[in-house]
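To start, the structure itself, in structure tokens.
The values are calculated or read from the model by the stated rules, or taken from the named source; none is laboratory data. As the structure is a computational prediction, the values presented were derived from the model and not from experiment. Note: ideal-geometry Cβ built from the backbone for every residue, glycine included; neighbour counts use all protein chains shown.
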């Protein structure tokens, strides 16, 4: 076990964990930010997507030691009032069914749009291929990403 | 639920409202400070609630809490069931808060998510609940305003007296209303007067979901709560023999290692306790990561208790049954043997499908806190009532000592009908003497399923010289049972008809998977009928419509489980909407199917890329599920079922070798991903005013057939064995 200070959602947090502990479990178990979900633990499903230095990353694949002081944003910190254009587009398109994957989808979409403000269908396909939605809401996710892009640009 | 409100249900309870309470789930309190402010226009919370009945609490300021009784697995009943109450109450939907009900068999009945039946069963009772409450509010208003009750009207939570121009809100009369007699009978609205039913309403939890607020079982956090995780045998047919936990117990954060048995001798178990691995070892510790690491340090011995099975052995046994087996006849009309002997043409085809795990994205989990005289459970469960029965037997407690709450579920698809993980959580908590949250890893979850059975079905059809279908024969089998429904279409449309059902007992646990049996048999049947239509030289839709016409005008037999007119109706609608009779330029397939009391027909268009990979361009879908309560949610369900059906038919497969599942995570098990979804789905509902029927499942089964038929049009080769990707070039 070791002490780490990690920077999550704009605030430093003191945590105690063994060095190889995935960021996912640190933010869920130690910090209580449970919006970031566990789905596979091997970087295949995207449910645990957070932003590290502003870029979408799978938090199950980043150890607390490897993270260092790089700033992390979770779904809880994406916007102050839940009003990021991607979040608003998700409501507009009534995307969720069960809802479990959607925090990860939203984090991937927000990262995609920060890099490609006007994505083509192919860009969206490529940018969102790492996030599984078991309920099959992909068409709504696709439409919501496009909607958000319009509002962001 | 009772259709006749009783005095017991209509008690008056005033409860002071606290912040935690208003969030709905008491377990959220501990993480409340981290909750992000939502986008919801802030409803001003009342000082006090008047509880009008088990479903309704009304605040003095007019804000109304509606309790949603059934488990929410993504089928959106947490929005649509309260809509039924709000409709007859004439509530202002913008002033409604929805709260998930706990298991409470005194107030609610059929608190179950399964069989696409929540809306169908809730349709009348929930509307009566709303209408009864409205009648009591009206009676109270009549007293308060000193006017005859007949002169009062309601709209959006307000009661109006036109003659005097007076008006009063529900909140102002709720306290008096709660003291008044419960009316014996109430009139329900005619569908033409609906103001909420039929209007698209957004998912009531959408904001919480989009801001990552705690909603799911895996999100439960409690003071003093420990994390637990199980280890189950590595293969079906094995059980736990011995445990050496010394290394695991020495690891940081590990508190206990316990062994449990969810099926102790003498326990009264339910159908929902289906589970291959009752004897488990569980590690209990402080954090999830510590527990997962300690699992690997356990030294476990297993013993073989029944013969190991394999996918190949299943297939060989199925083939043997269908080729040489004798069984009881499930249905016989006319003289099938003579008809086949006289047929001008006989078409025969055999279809198969593999085992499928449910793969809910939220793995199995449950919170439990069991003490000597009380058990508190909270988590994702489709069958809380059955879980309670099992807990009564296994824990030796009375039902009133057991409290079961339901979290929003990260997917169900049938997996959470089988609540062994709830029993496991309770036993671990009891053994560990602490509140615990049981967490399955993806690997634990995928290798210990109640899988969709693997299946094999053989169809034979006989055509006469004019291409008329005169004989039909189905032999079906699968792990733990046959997929064939003897009395569904085309039974009733063919003079000479024979169904023979087999089944193969297995130590691999199988169960209901979204649209059980139908999820396979619809695709097989609809692909076969396409092949028969082609042999008869007929358009696939014309061919099916002729059969429905026959079943309608002159049905064969009396026990036919469908209405041919409604079946034909969706097929005609999809023919029109897809412009079937024109050439779309893409390869197209059609299918129609009936299940969960609803009718669905689909036309699917696809193209092949240069590597031969299919891309679904469009799916046109016609649905007859009667009145559509919430079109927004309904269309989402239909789309989801289509994507789910296409995904599993193309890619889904769990194989078994020496009893051991060969896929255990999403690197070896392929789920459909964003780029592989259809580019477009158009959904059309038949508007017929019939009481609503199922919608969570019916759009899935036929799309497998539409896909198979479109693949044939694209490649010139019929596909028989799922997953279809294995049958395609490249």
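Scanning region B:383-437 for residues that are within 14 Å of another protein chain (Cβ to nearest Cβ) and either more than 15 Å from residue B:220 (Cα to Cα) or assigned to a loop (DSSP other than H, G, I, E, B) (or both) yields a count of 9. Against the conditions (1) within 14 Å of chain A (Cβ to nearest Cβ); (2) surrounded by 19 or more Cβ atoms within 10 Å (Cβ to Cβ); (3) under 36 Å from the mean Cα position of the chain (by Cα), residue B:283 satisfies every one except (1). Would you be able to say whether some residue in region B:256-273 is farther than 30 Å from residue B:89 by Cα and within 12 Å of chain A (Cβ to nearest Cβ)? No, the conditions are met nowhere in region B:256-273. The residue pairs whose first member lies in region B:71-89 and is at the interface with chain A (Cβ under 10 Å from one of its Cβ atoms) and surrounded by 24 or more Cβ atoms within 10 Å (Cβ to Cβ), whose second member is at pLDDT below 95 and part of a helix (DSSP H, G or I), and whose beta carbons are closer than 8 Å, counting only pairs six or more residues apart or on different chains, are B:75/B:118. Counting only residues that are part of a loop (DSSP other than H, G, I, E, B), surrounded by fewer than 24 Cβ atoms within 10 Å (Cβ to Cβ) and in contact with a strand residue (DSSP E or B) (Cβ under 8 Å, 6 or more places away or on another chain), which one in region B:42-60 is nearest to the other protein chains (Cβ to nearest Cβ)? Selected residue: B:43.
Which of (1) in contact with a helix residue (DSSP H, G or I) (Cβ under 6 Å, 6 or more places away or on another chain); (2) buried (at least 24 other Cβ atoms within 10 Å of the Cβ); (3) facing chain B (nearest Cβ under 7 Å) does residue A:129 not meet, given it meets every other one? Here residue A:129 clears every test but (2). Only a single item in (1) closer than 24 Å to residue B:513 by Cβ; (2) assigned to a loop (DSSP other than H, G, I, E, B); (3) within 30 Å of the chain's Cα centre (by Cα) is not met by residue B:268, and it is number (1).
The condition (being over 23 Å from residue B:80 (Cβ atoms), in contact (Cβ under 8 Å) with a residue 12 or more places away in the chain and assigned by TED's automatic domain parsing to the domain that holds residue B:706) is satisfied by just one residue among B:591, B:582: B:591. Considering every residue within region A:109-121, establish whether at least one is buried (at least 20 other Cβ atoms within 10 Å of the Cβ), touching a helix residue (DSSP H, G or I) at 6+ places or on another chain (Cβ under 9 Å) and closer than 21 Å to residue B:646 by Cβ. Looking for residues that are buried (at least 20 other Cβ atoms within 10 Å of the Cβ), touching a helix residue (DSSP H, G or I) at 6+ places or on another chain (Cβ under 9 Å) and closer than 21 Å to residue B:646 by Cβ, one finds none in region A:109-121, hence no. Going by the structure shown, is residue B:701 buried (at least 20 other Cβ atoms within 10 Å of the Cβ) and in the same structural domain as residue B:459 (by TED's automatic domain parsing)? Yes.
The number of residues in region B:544-562 being free of Cβ contacts under 8 Å to residues at least 40 places away in the same chain and closer than 28 Å to residue B:353 by Cα comes to 1.
Does region B:510-543 hold any residues that are in contact with a strand residue (DSSP E or B) (Cβ under 7 Å, 6 or more places away or on another chain) and part of a loop (DSSP other than H, G, I, E, B), and which are they? Correct list: B:513, B:515, B:536.
Residue-by-condition table, conditions (1) more than 21 Å from residue B:568 (Cβ to Cβ); (2) within 23 Å of the chain's Cα centre (by Cα):
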{"residue": "B:451", "(1), (2)": "yes, yes"}
{"residue": "B:467", "(1), (2)": "no, no"}
{"residue": "B:474", "(1), (2)": "yes, no"}
{"residue": "B:492", "(1), (2)": "no, no"}
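For region B:215-231, filtering for residues that are facing chain A (nearest Cβ under 7 Å) and either out of contact with any strand residue (DSSP E or B) (no Cβ under 7 Å at 6 or more places or on another chain) or at pLDDT below 95 (or both) leaves 2. Within region B:298-342, being assigned to a helix (DSSP H, G or I), over 30 Å from residue B:560 (Cα atoms) and in contact with a strand residue (DSSP E or B) (Cβ under 9 Å, 6 or more places away or on another chain) holds for B:311, B:312, B:313, B:314, B:315, B:317. Mind checking which residues of region B:356-382 are part of a loop (DSSP other than H, G, I, E, B) and surrounded by fewer than 20 Cβ atoms within 10 Å (Cβ to Cβ)? Correct list: B:372, B:373. Evaluate region A:101-109: report whether one residue or more is more than 18 Å from residue B:666 (Cβ to Cβ), in contact (Cβ under 8 Å) with a residue 24 or more places away in the chain, part of a loop (DSSP other than H, G, I, E, B) and within 9 Å of chain B (Cβ to nearest Cβ). No, region A:101-109 contains no residue that is more than 18 Å from residue B:666 (Cβ to Cβ), in contact (Cβ under 8 Å) with a residue 24 or more places away in the chain, part of a loop (DSSP other than H, G, I, E, B) and within 9 Å of chain B (Cβ to nearest Cβ). Which one is nearest to residue B:66 (Cα to Cα) among residues in region B:184-214 that are within 7 Å of another protein chain (Cβ to nearest Cβ) and touching a strand residue (DSSP E or B) at 6+ places or on another chain (Cβ under 9 Å)? Among those residues, the one meeting the criterion is B:205. Per the listing B:204, B:243, B:258, the residue uniquely outside the structural domain of residue B:434 (by TED's automatic domain parsing) and modelled with pLDDT of 95 or more is B:204.
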